[in-house]
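Inspection log for the structure reproduced underneath, given as C-alpha coordinates.
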Amino acid sequence: MSLSKKSRLDRFISQWYFTKNPSQPLNKKAVRLLVAQKRILVDGQPADSFSQPIDYFTRIELDGELLQGNQRLYLMLHKPVGVVTAVVDEQHQTVIDLIDHPDKDQLHYAGRLDLNTSGLLLLTNDGHWSKGLTDPDKKVAKCYEVTLEKPVDERYQQAFKQGIYFSYEGITTRPAELEIIDPYHTRLWLTEGRYHQVKRMFGYFRNAVVGLHRSQIGELTLDPALKPGQWRPLSLEELNLLNNRSF
Ligand code: URA
(Lines give C-alpha, C1' and ligand atoms only; values in the text may rest on other atoms or scores of the structure.)
Protein backbone atom coordinates (compact mmCIF):
# COMPACT_ATOMS: atom_id res chain seq x y z
CA MET A 1 0.00 0.00 0.00
CA SER A 2 1.36 3.44 -0.84
CA LEU A 3 2.19 6.13 1.72
CA SER A 4 -0.60 8.53 0.85
CA LYS A 5 -3.33 5.94 0.30
CA LYS A 6 -6.19 5.19 2.65
CA SER A 7 -8.10 1.95 2.26
CA ARG A 8 -10.37 -0.56 3.94
CA LEU A 9 -9.31 -3.73 5.68
CA ASP A 10 -11.22 -6.10 3.36
CA ARG A 11 -9.72 -4.46 0.24
CA PHE A 12 -6.25 -4.64 1.71
CA ILE A 13 -6.63 -8.36 2.59
CA SER A 14 -8.02 -9.20 -0.86
CA GLN A 15 -5.18 -7.36 -2.60
CA TRP A 16 -2.54 -8.91 -0.37
CA TYR A 17 -3.98 -12.38 -0.99
CA PHE A 18 -4.19 -11.77 -4.72
CA THR A 19 -0.50 -10.82 -5.00
CA LYS A 20 0.38 -14.11 -3.25
CA ASN A 21 -2.17 -16.30 -5.07
CA PRO A 22 -3.16 -14.62 -8.36
CA SER A 23 -4.89 -17.76 -9.59
CA GLN A 24 -7.07 -18.16 -6.46
CA PRO A 25 -8.41 -14.77 -5.31
CA LEU A 26 -10.28 -14.69 -1.98
CA ASN A 27 -13.92 -13.75 -2.36
CA LYS A 28 -15.59 -11.12 -0.14
CA LYS A 29 -17.30 -13.74 1.98
CA ALA A 30 -14.01 -15.47 2.79
CA VAL A 31 -12.42 -12.17 3.85
CA ARG A 32 -15.38 -11.40 6.11
CA LEU A 33 -15.10 -14.83 7.63
CA LEU A 34 -11.43 -14.21 8.52
CA VAL A 35 -12.55 -11.06 10.36
CA ALA A 36 -15.44 -12.84 12.11
CA GLN A 37 -13.07 -15.63 13.21
CA LYS A 38 -10.80 -12.94 14.74
CA ARG A 39 -7.84 -14.17 12.69
CA ILE A 40 -6.90 -10.64 11.62
CA LEU A 41 -5.20 -8.27 14.05
CA VAL A 42 -5.22 -4.53 13.38
CA ASP A 43 -2.65 -2.66 15.44
CA GLY A 44 -2.46 -5.66 17.74
CA GLN A 45 -6.24 -5.98 18.32
CA PRO A 46 -8.70 -8.31 16.56
CA ALA A 47 -10.30 -6.36 13.68
CA ASP A 48 -13.67 -4.81 14.58
CA SER A 49 -15.10 -4.88 11.12
CA PHE A 50 -14.18 -5.89 7.58
CA SER A 51 -14.68 -2.26 6.47
CA GLN A 52 -12.31 -0.84 9.09
CA PRO A 53 -10.36 2.10 7.60
CA ILE A 54 -6.62 1.53 7.36
CA ASP A 55 -3.59 3.37 6.00
CA TYR A 56 0.10 2.83 5.29
CA PHE A 57 0.96 2.78 9.01
CA THR A 58 -1.74 0.37 10.18
CA ARG A 59 -0.12 -2.84 11.43
CA ILE A 60 -1.96 -5.84 10.01
CA GLU A 61 -1.45 -9.50 10.91
CA LEU A 62 -3.19 -12.62 9.69
CA ASP A 63 -2.84 -15.83 11.69
CA GLY A 64 0.30 -14.39 13.27
CA GLU A 65 1.88 -13.42 9.91
CA LEU A 66 2.75 -9.73 9.55
CA LEU A 67 1.18 -8.41 6.32
CA GLN A 68 2.02 -4.74 6.84
CA GLY A 69 4.19 -3.15 9.52
CA ASN A 70 5.41 0.24 8.28
CA GLN A 71 7.01 2.47 10.91
CA ARG A 72 6.39 6.17 11.23
CA LEU A 73 9.65 8.12 10.97
CA TYR A 74 10.31 11.44 12.71
CA LEU A 75 13.84 12.83 12.41
CA MET A 76 15.63 16.00 13.44
CA LEU A 77 18.44 17.20 11.15
CA HIS A 78 20.95 19.96 11.75
CA LYS A 79 20.79 21.39 8.24
CA PRO A 80 24.09 22.91 7.16
CA VAL A 81 24.45 25.99 4.97
CA GLY A 82 24.88 24.99 1.29
CA VAL A 83 22.51 22.00 1.37
CA VAL A 84 19.17 22.43 -0.38
CA THR A 85 15.85 21.60 1.29
CA ALA A 86 14.53 19.37 -1.47
CA VAL A 87 14.12 15.68 -2.14
CA VAL A 88 16.10 15.79 -5.41
CA ASP A 89 18.24 18.52 -6.91
CA GLU A 90 20.58 18.50 -9.90
CA GLN A 91 22.98 21.10 -8.54
CA HIS A 92 23.24 20.75 -4.80
CA GLN A 93 23.37 18.08 -2.15
CA THR A 94 19.88 17.72 -0.63
CA VAL A 95 18.77 17.23 2.97
CA ILE A 96 17.67 13.70 2.03
CA ASP A 97 21.22 12.94 0.81
CA LEU A 98 22.40 13.54 4.39
CA ILE A 99 20.14 10.84 5.83
CA ASP A 100 21.52 7.34 6.12
CA HIS A 101 18.39 5.29 6.74
CA PRO A 102 16.93 2.32 4.79
CA ASP A 103 13.57 4.12 4.41
CA LYS A 104 14.97 7.55 3.54
CA ASP A 105 13.15 7.51 0.19
CA GLN A 106 9.85 7.87 2.07
CA LEU A 107 10.90 11.08 3.79
CA HIS A 108 9.79 14.64 3.22
CA TYR A 109 10.55 17.78 5.23
CA ALA A 110 8.25 19.86 7.42
CA GLY A 111 9.00 23.54 6.76
CA ARG A 112 11.86 24.30 4.41
CA LEU A 113 15.00 26.32 5.07
CA ASP A 114 16.83 28.33 2.40
CA LEU A 115 20.13 27.14 0.95
CA ASN A 116 22.11 29.57 3.10
CA THR A 117 20.08 28.96 6.29
CA SER A 118 21.21 26.41 8.87
CA GLY A 119 19.48 24.75 11.79
CA LEU A 120 16.60 22.58 12.85
CA LEU A 121 14.81 20.73 10.07
CA LEU A 122 12.23 18.02 10.70
CA LEU A 123 11.84 15.08 8.33
CA THR A 124 9.08 12.50 8.35
CA ASN A 125 7.10 10.00 6.29
CA ASP A 126 3.90 11.04 8.09
CA GLY A 127 2.10 13.61 5.93
CA HIS A 128 -0.61 14.28 8.49
CA TRP A 129 1.99 15.23 11.10
CA SER A 130 3.99 17.54 8.83
CA LYS A 131 0.80 19.25 7.65
CA GLY A 132 -0.16 20.01 11.24
CA LEU A 133 3.27 21.43 12.02
CA THR A 134 3.36 23.77 9.05
CA ASP A 135 -0.29 24.88 9.16
CA PRO A 136 -0.20 28.61 10.11
CA ASP A 137 -3.54 28.23 11.91
CA LYS A 138 -1.90 25.85 14.38
CA LYS A 139 0.46 28.72 15.33
CA VAL A 140 3.52 26.58 15.99
CA ALA A 141 6.24 29.18 16.63
CA LYS A 142 9.63 28.80 14.97
CA CYS A 143 12.64 30.58 16.39
CA TYR A 144 15.32 32.06 14.11
CA GLU A 145 18.69 33.42 15.23
CA VAL A 146 19.33 36.30 12.85
CA THR A 147 22.60 38.14 12.25
CA LEU A 148 22.23 41.51 10.50
CA GLU A 149 24.44 43.69 8.34
CA LYS A 150 23.32 46.91 10.09
CA PRO A 151 22.26 47.55 13.69
CA VAL A 152 18.61 47.04 14.63
CA ASP A 153 16.51 49.03 17.11
CA GLU A 154 13.05 49.04 18.74
CA ARG A 155 11.37 50.21 15.50
CA TYR A 156 11.88 46.69 14.16
CA GLN A 157 10.14 45.19 17.18
CA GLN A 158 7.11 47.44 16.73
CA ALA A 159 6.91 46.86 12.98
CA PHE A 160 7.21 43.07 13.29
CA LYS A 161 4.56 43.01 16.00
CA GLN A 162 2.16 44.89 13.72
CA GLY A 163 3.09 42.86 10.65
CA ILE A 164 4.96 43.69 7.47
CA TYR A 165 3.04 44.06 4.21
CA PHE A 166 4.28 41.73 1.45
CA SER A 167 3.00 43.33 -1.75
CA TYR A 168 3.81 40.30 -3.92
CA GLU A 169 1.33 38.10 -2.03
CA GLY A 170 -0.84 41.02 -0.87
CA ILE A 171 -0.67 39.85 2.75
CA THR A 172 0.50 41.24 6.08
CA THR A 173 2.72 38.95 8.14
CA ARG A 174 1.33 37.68 11.42
CA PRO A 175 2.49 39.37 14.63
CA ALA A 176 6.08 38.27 15.33
CA GLU A 177 8.20 38.64 18.43
CA LEU A 178 11.71 40.09 18.04
CA GLU A 179 14.30 39.84 20.80
CA ILE A 180 17.35 42.09 20.37
CA ILE A 181 20.38 40.34 21.81
CA ASP A 182 22.77 43.05 20.63
CA PRO A 183 22.40 45.52 17.72
CA TYR A 184 23.57 42.92 15.17
CA HIS A 185 22.07 39.76 16.69
CA THR A 186 18.38 39.03 17.17
CA ARG A 187 15.99 36.19 17.84
CA LEU A 188 12.77 36.20 15.80
CA TRP A 189 9.67 34.07 16.50
CA LEU A 190 7.38 33.37 13.54
CA THR A 191 4.16 31.35 13.41
CA GLU A 192 4.08 31.08 9.62
CA GLY A 193 6.55 30.31 6.86
CA ARG A 194 6.30 32.67 3.91
CA TYR A 195 8.86 32.55 1.12
CA HIS A 196 12.17 34.05 2.45
CA GLN A 197 10.09 35.53 5.26
CA VAL A 198 12.85 36.52 7.67
CA LYS A 199 14.99 38.11 4.97
CA ARG A 200 12.03 40.02 3.56
CA MET A 201 10.94 41.28 6.99
CA PHE A 202 14.38 42.75 7.66
CA GLY A 203 14.48 43.83 4.01
CA TYR A 204 11.62 46.22 4.87
CA PHE A 205 14.30 48.20 6.78
CA ARG A 206 16.85 47.68 3.97
CA ASN A 207 18.88 45.59 6.37
CA ALA A 208 20.47 42.42 4.98
CA VAL A 209 20.41 39.14 6.87
CA VAL A 210 23.98 37.86 6.91
CA GLY A 211 23.38 34.77 9.05
CA LEU A 212 20.20 32.76 9.63
CA HIS A 213 19.79 29.73 11.84
CA ARG A 214 16.58 28.03 13.05
CA SER A 215 17.04 26.93 16.64
CA GLN A 216 13.56 25.89 17.73
CA ILE A 217 10.17 24.67 16.47
CA GLY A 218 7.42 24.86 19.08
CA GLU A 219 8.95 23.51 22.29
CA LEU A 220 11.52 21.45 20.42
CA THR A 221 15.08 22.78 20.30
CA LEU A 222 17.88 21.64 18.00
CA ASP A 223 20.02 19.10 19.86
CA PRO A 224 23.35 20.91 20.49
CA ALA A 225 25.12 17.55 20.17
CA LEU A 226 24.20 17.39 16.47
CA LYS A 227 26.87 18.92 14.25
CA PRO A 228 25.82 20.46 10.91
CA GLY A 229 24.81 17.56 8.64
CA GLN A 230 24.00 15.18 11.51
CA TRP A 231 20.56 13.81 12.30
CA ARG A 232 18.79 11.53 14.75
CA PRO A 233 15.27 10.22 15.39
CA LEU A 234 13.07 12.32 17.67
CA SER A 235 12.55 10.80 21.10
CA LEU A 236 9.05 10.04 22.34
CA GLU A 237 9.29 12.99 24.73
CA GLU A 238 10.23 15.31 21.86
CA LEU A 239 7.35 14.04 19.74
CA ASN A 240 4.97 14.67 22.60
CA LEU A 241 6.33 18.21 22.97
CA LEU A 242 5.40 18.91 19.36
CA ASN A 243 2.14 17.01 19.31
CA ASN A 244 0.75 18.59 22.46
CA ARG A 245 1.43 21.99 21.07
CA SER A 246 0.36 21.57 17.48
CA PHE A 247 -2.61 19.21 17.41
N1 URA B 1 13.06 32.86 6.38
C2 URA B 1 14.02 33.01 5.45
O3 URA B 1 14.21 34.09 4.89
N4 URA B 1 14.76 31.93 5.16
C5 URA B 1 14.61 30.72 5.76
O6 URA B 1 15.35 29.79 5.46
C7 URA B 1 13.62 30.60 6.73
C8 URA B 1 12.85 31.70 7.03
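The values are calculated or read from the model by the stated rules, or taken from the named source; none is laboratory data. Keep in mind that this is a model prediction, so the values were computed, not measured. We place every Cβ from the backbone using ideal geometry, glycine too, and count neighbours over all the protein chains shown. Note: accessible area is taken over every heavy atom of the protein model, side chains too, but ligands, DNA and RNA are not part of it. Shrake-Rupley method; radii C 1.70, N 1.55, O 1.52, S 1.80 Å.
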Cα centroid separation - region 189-247 against region 93-158, whole Å: 5
How large is the convex hull of the C-alpha atoms of region 1-98 per residue, in Å³? 129
Rg/Rh of region 137-206 (Cα atoms, Kirkwood Rh), to two decimals, equals 0.93
Radius 13 Å from Cβ of residue 115, net charge of other residues (Lys, Arg +1; Asp, Glu -1): +1
Please state the relative contact order of region 74-243 as a whole percent: Cα pairs under 8 Å, 6+ residues apart? 29
Packing-based ranking, highest mean first, of 32-44, 223-235 given that Cβ atoms within 10 Å are counted: 32-44, 223-235
Of all accessible heavy-atom area on the chain, the percent that carbon and sulfur account for (1.4 Å): 50
Would you mind checking 6/28; 5/38; 6/227; 79/139 for any pair whose Cα atoms are more than 30 angstrom apart? 6/227
Show me 198-206, 211-219, 75-83 ranked by packing, highest mean number of other Cβ atoms within 10 Å first. 75-83, 211-219, 198-206
Would you mind checking region 141-174 for residues with the amide N under 16 Å from a putative spin-label position 7 Å along Cα→C-beta of residue 204? 152-174
Provide, in order from the shortest bin, the percent of all Cα-Cα pairs of the chain in each 10 Å bin, continuing until the bin that contains the maximum pair distance. 7, 25, 26, 19, 12, 8, 3, 0
Just the accessible area per residue of the chain, please: how many Å² with a 1.4 Å probe? 56
Using a cut-off of under 16 Å, list every residue of region 197-218 whose amide N is near the label point 7 Å from the Cα of residue 112 along the Cα-to-beta-carbon line. 197-200
Tell me, in nm to one decimal, what length is gained between residue 48 and residue 71 on full extension, where the rule is 0.36 nm per residue of separation less the Cα-Cα distance? 6.1 nm
Mean ellipticity per residue at 222 nm, deg cm²/dmol - from DSSP H runs of n ≥ 4 across the chain, formula -39500 (n - 2.57): -6500 deg cm²/dmol
